[in-house]
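Data first, discussion second: the structure below is written as structure tokens.
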Amino acid sequence: MTVSPKIDPDLDLVQRAQGGDTRAFDELIMKYSPKIYGLIYNMTSNKDDTNDLMQDVFAKAFRSLGRFQGKSTFYTWIYAIATNMTLNFLKKRKRRMASSLDEVDSGIQNDPAFVDYSNRANPRQQSDVHSLQEKLNEAIQALSKDHRAVVIMFDIQGIPHAEISRILGVSEGTVRSRLFYAHKQLQGHLEEFRLKAAKI
Amino acid sequence: MTHPQDIPAEELEDLQKLLRLKNYEQPTDGYFEDFLDEFHRRQREDARSSQKATVWSRFAEWFQDLGAAKWAVGAGVAYAVLALAFFGTVGSGSKSSNVAKETEDFLPQGSKLQHVELGSERANDPSKDRSEEVLEILPSEF
């Protein structure tokens, strides 16, 4: 039985970009930069590093586009480049740099998860947004790089296990195993925070 | 895959809801448009620097391909540069007087060249016939 390859929704843009149409590559950047930003930003927890790394990721993709043969979707390919470059960057950045977090969109105030959390904490919602942001960040940064990558892709960005396994080049079992241990560790960090919040 | 100490579904759901709140952290409006502009600027800079590098790398490649002869070629080029520099310096001071001397050798005896500065008062005098100006550089007998 042969498995039919997944049709790449970006095939037309990729082919045009490979033919030298820089506007087609611009469209790919605009389409994927928000997701790639989320991945790198949550991995590094630093806005400047995120910006520089993202520039490097798209520059590398642009240079390597001629070698992209469509064996995976463009989305998987660019995600794999971003993940590898970010993991390499984090290996080199031995000393942990101070984080610089983005502003939180005001929409968070209406999110049921946040409403639920803030009801348990106290009515000073604005300050709680920041404390929650810091605590979440601390918990995610405490994970190993490999565990962090799967948590960001699966829990924050909603990428399915199978896709993550293709991006990272590991089995689905490994992805699930990493998620399990990462969840355990995160639960410890965030449970402690929930208890503290409830006592206020 | 199930683990012996799986996190209860409800707790896992709470944890995932909390993690999804990270999606509310977003860069400022217009960030991605600025990012694209910055990408274009960096690409242009890279293209410029790689063009310079290409000229130099082609020369270096050609030089390396010369093999053992590269030392002879290098010495020859250095010699030529030194010779040009030497003759350029030594020869430049006496060039005009040498030309005048050589020209006088061909003139009939007793003839002399008259020196006229270009752009002098006489040359600018409108009352003077311009054909005379041309003749002034010729010997008086001509």
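Show the residue pairs that are 6+ apart or on different chains and have beta-carbon atoms under 8 Å apart, the first residue being within region A:25-36 and more than 7 Å from every other protein chain (Cβ to nearest Cβ), the second being outside any helix (DSSP H, G or I).
Every condition considered, the pairs that remain are A:Leu28/A:Asp10; A:Lys31/A:Asp10; A:Lys35/A:Gln157.
Would a scan of region A:106-123 turn up a residue that is hydroxyl-bearing (Ser, Thr, Tyr) and at pLDDT 95 or above? Walk me through how you get there before you give the answer.
Going through region A:106-123, the residues hydroxyl-bearing (Ser, Thr, Tyr) turn out to be A:106, A:117-118.
Pick out the ones that are also at pLDDT 95 or above and you get none.
Looking for residues that are hydroxyl-bearing (Ser, Thr, Tyr) and at pLDDT 95 or above, one finds none in region A:106-123, hence no.
So how many residues does region A:156-174 have that are part of a helix (DSSP H, G or I), surrounded by fewer than 23 Cβ atoms within 10 Å (Cβ to Cβ) and not basic (Lys, Arg)?
9
Of the conditions (1) among the polar types (S, T, N, Q); (2) within 12 Å of chain B (Cβ to nearest Cβ); (3) over 22 Å from A:Arg148 (Cβ atoms); (4) touching a residue at least 60 places away in the same chain (Cβ under 8 Å), A:Ser72 fails just one. Which one is it?
Condition not satisfied by A:Ser72: (2).
Is there a residue in region B:54-66 that is closer than 30 Å to A:Asn51 by Cα, surrounded by 10 or more Cβ atoms within 10 Å (Cβ to Cβ) and modelled with pLDDT under 85?
The answer is yes; a qualifying residue exists.
List pairs: first in region A:102-113 and under 10 Å from B:Leu21 (Cα atoms) and basic (Lys, Arg), second surrounded by 15 or more Cβ atoms within 10 Å (Cβ to Cβ) and modelled with pLDDT under 70, Cβ under 8 Å, 6+ apart or cross-chain?
none
Please state which of the following conditions A:Gly188 fails to meet, knowing it meets all the rest: (1) at pLDDT below 90; (2) more than 12 Å from chain B (Cβ to nearest Cβ).
(2)
Working only within region B:7-54, note down all residues that are part of a helix (DSSP H, G or I), more than 7 Å from chain A (Cβ to nearest Cβ) and over 27 Å from A:Ala61 (Cβ atoms).
If the condition is that a residue be part of a helix (DSSP H, G or I), more than 7 Å from chain A (Cβ to nearest Cβ) and over 27 Å from A:Ala61 (Cβ atoms), then B:Ala9, B:Glu10, B:Glu13, B:Asp14 are the ones that fit.
In region A:37-62, which residue that is free of Cβ contacts under 8 Å to residues at least 24 places away in the same chain and within 9 Å of chain B (Cβ to nearest Cβ) is surrounded by the fewest Cβ atoms within 10 Å (Cβ to Cβ)?
Top of the filtered list is A:Ala59.
The values are calculated or read from the model by the stated rules, or taken from the named source; none is laboratory data. From a predicted model like this one, the values you see are computed outputs, not experimental measurements. As a convention, Cβ positions derive from the backbone with ideal geometry for all residues, glycine included, and neighbour counts pool all protein chains shown.
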